[in-house]
Amino acid sequence: KKFNFFGENSEFRAGAYAITCSKISIGNNVIIRPNTMLFADPRKGNGYIIIEDNVMIGSGVHIYVANHKFDLNNIDIINQGHYEAEDVILKQGCWIGANSIILPGITIGKNSVIGAGSIVTKDIPDRVIAVGNPAKIIKTLE
């Protein structure tokens, strides 16, 4: 009931963690495995996490919608606040491998695969496999 939307047959397994559930939508038939952390933004405005239908999220995945500011030389980073939040969208049927990190503003395309341990810094199109740090496309799925 805390989520913005939580679809039928979806599983948010024990040990998974979410902040600001009111800005997180989980579609139908979604699996979110243990130790996954979803960090939506509690501030007004952007910062939503949208997970469409039939998405698989492996253990230990982290999804962030905002990042700390760090560009002011005369102020410690801890005191600089955060950049404006950007939504993250996981399109229908994608699979996010264990221990991957999805950074703010990213869209993962329909039926795409993110290899385990990848750090996604740019949008990923539909039907590809992307792996690494930063994640790069290694294969198109036919």
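The values are calculated or read from the model by the stated rules, or taken from the named source; none is laboratory data. Just so you know, these numbers come straight off a predicted model, no measurement behind them. All Cβ positions, glycine included, derive from the backbone under ideal geometry; neighbour counts span all protein chains shown. What goes into the accessible areas is simple: the full protein's heavy atoms, side chains included, and nothing from ligands, DNA or RNA. Shrake-Rupley method; radii C 1.70, N 1.55, O 1.52, S 1.80 Å.
Observations on the model:
- Out of Gly81, Gly7, sole residue that is farther than 19 Å from Val131 by Cβ, at pLDDT below 95, open to solvent by less than 80 Å² (accessible area, probe 1.4 Å) and of a type outside the set (A, V, I, L, M): Gly81
- Within segment 117-138, residues that are over 15 Å from Gln92 (Cα atoms) and among the hydroxyl-bearing types (Ser, Thr, Tyr) have Cβ atoms under 6 Å from residues that are part of a loop (DSSP other than H, G, I, E, B) and open to solvent by less than 40 Å² (accessible area, probe 1.4 Å) in these pairs: Ser118/Ser100, counting only partners at least 6 apart in sequence or on another chain.
- Per-region count, segment 17-39, residues open to solvent by less than 50 Å² (accessible area, probe 1.4 Å), farther than 12 Å from Ile51 by Cα and more than 13 Å from the chain's Cα centre (by Cα): 3
- Some residue of segment 44-65 being touching a helix residue (DSSP H, G or I) at 6+ places or on another chain (Cβ under 7 Å), of a type outside the set (A, V, I, L, M), within 22 Å of Val30 (Cβ to Cβ) and open to solvent by 70 Å² or more (accessible area, probe 1.4 Å): yes
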